[in-house]
Amino acid sequence: MKLEAQFVSSALALADCPRWDCAEVALAGRSNVGKSSLLNALTGTRGLARTSKTPGRTRGLNFFAAGETLALVDLPGYGYAKMSHDEAAKLAALLRAYLENRRNLVALVMLVDARRGPQREELELAAMVRARGIELIVAATKCDKLRNSERAAAFERFTPLGLEPIMCSAKSGEKIDELRRRILARADARDGLDAEPGRGL
Ligand code: GTP
Ligand code: MG
């Protein structure tokens, strides 16, 4: 099962997003949580999305086409303290605008560091996405850093909040198949997008 993708474009405003009928599955989460790394693991293409040890690497919305009907969107991270206040505010507004308004968005993969668990920002993100009726896929990332003895506790940081995480790792490849399957299942979810006027935003 493959999920190959190519970079299409980067958008700094909602108006610059591609005008197409693709169903979009976006990756969101705190800065440095591993969104770009996960996108590379899912597509099996190292270096497709730029990753970095330094938080704040991904600026803007980055679109990757995966065939005719599906696209992956690498979103800018939130919560990066060192970014200028102005830039952080702009990126946060762009992220919110995309999540609240983009018609093509059919599922959100919300990444949460498995060692940290969901915080207020993640609960807000989950609520926003659910309010729109968009599928929420919770990925607990960097599970390669957990000891076996820490796993159950890590999982239980999510479940009381109504979130069921896929415990995964871009590094070891753990559960990447399952995530890929969940995403590919959305490839035909664009039906209905076509019927709506004003698509593309
Ligand atoms: P921004 O674009 O800045 O928001 O970051 P991001 O969420 O795209 O994170 P990115 O993929 O750039 O990864 C950040 C750092 O975490 C890099 O040093 C990665 O190598 C590391 N990383 C990502 N995924 C994993 C993982 O599954 N396991 C481990 N151990 N490290 C990871
Ligand atoms: Mg990134």
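The values are calculated or read from the model by the stated rules, or taken from the named source; none is laboratory data. Keep in mind that this is a model prediction, so the values were computed, not measured. Neighbour counts are summed over all protein chains in view; Cβ atoms, including those assigned to glycine, are modelled from backbone coordinates with ideal geometry. These area figures cover heavy atoms from the full protein model, side chains too; ligands, DNA and RNA do not enter into them. Shrake-Rupley method; radii C 1.70, N 1.55, O 1.52, S 1.80 Å.
A quick yes/no check of all residues on (1) within 11 Å of ligand 1 (Cβ to nearest atom); (2) touching a residue at least 60 places away in the same chain (Cβ under 8 Å); (3) over 18 Å from ILE183 (Cα atoms):
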{"residue": "ARG30", "(1), (2), (3)": "yes, yes, yes"}
{"residue": "ASN40", "(1), (2), (3)": "yes, yes, no"}
{"residue": "ALA49", "(1), (2), (3)": "yes, no, no"}
{"residue": "THR58", "(1), (2), (3)": "yes, no, yes"}
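When you scan the range 104-118, do you find a residue that is at pLDDT below 95, open to solvent by 50 Å² or more (accessible area, probe 1.4 Å) and touching a helix residue (DSSP H, G or I) at 6+ places or on another chain (Cβ under 8 Å), even just one? Working first, answer last.
So the first thing to find is which residues in the range 104-118 are at pLDDT below 95, and the list is none.
No, every residue in the range 104-118 fails to be at pLDDT below 95, open to solvent by 50 Å² or more (accessible area, probe 1.4 Å) and touching a helix residue (DSSP H, G or I) at 6+ places or on another chain (Cβ under 8 Å).
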Close pairs (9 angstrom Cβ cut-off, 6 or more residues apart or separate chains): over 10 Å from ALA107 (Cβ atoms) and assigned to a helix (DSSP H, G or I) in the range 173-189, at pLDDT 95 or above and of a type in the set (Val, Ile, Thr) anywhere: GLU178/ILE166; LEU179/VAL109; LEU179/ILE137; LEU179/ILE166; ARG180/THR43
Selection status of ASN101, over 18 Å from ALA140 (Cα atoms), near ligand 2 (Cβ under 9 Å from one of its atoms) and at pLDDT 90 or above: no
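Could you say which residue among GLU121, GLU68, GLU135, GLU87 is of a type in the set (D, E, K, R) and at pLDDT 95 or above?
Among GLU121, GLU68, GLU135, GLU87, only GLU135 is of a type in the set (D, E, K, R) and at pLDDT 95 or above.
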Contacts under 7 angstrom Cβ, first residue in the range 68-85 being aromatic (Phe, Trp, Tyr), partner within 8 Å of ligand 1 (Cβ to nearest atom), 6 or more apart: TYR78/ARG30; TYR78/SER31; TYR80/SER31; TYR80/PRO55; TYR80/GLY56
Scan of the range 149-166 for residues that are surrounded by fewer than 17 Cβ atoms within 10 Å (Cβ to Cβ) and either away from ligand 1 (no atom under 16 Å from the Cβ) or outside any helix (DSSP H, G or I) (or both), ordered by number: SER149, ALA152, ALA153, GLU156, THR159, PRO160, LEU161, GLY162, GLU164
Residue check for ALA97: in a helix (DSSP H, G or I) and open to solvent by 50 Å² or more (accessible area, probe 1.4 Å): no
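Enumerate the strands (runs of 3 or more DSSP E) found wholly within the range 1-84, keeping only those where 1 or more residues are open to solvent by less than 10 Å² (accessible area, probe 1.4 Å), more than 10 Å from ligand 2 (Cβ to nearest atom) and small (Gly, Ala, Ser). Give the steps one after another, and end with the answer.
Working: elements: 6-11, 23-29, 61-66, 70-74.
Output list reads 6-11, 23-29, 70-74.
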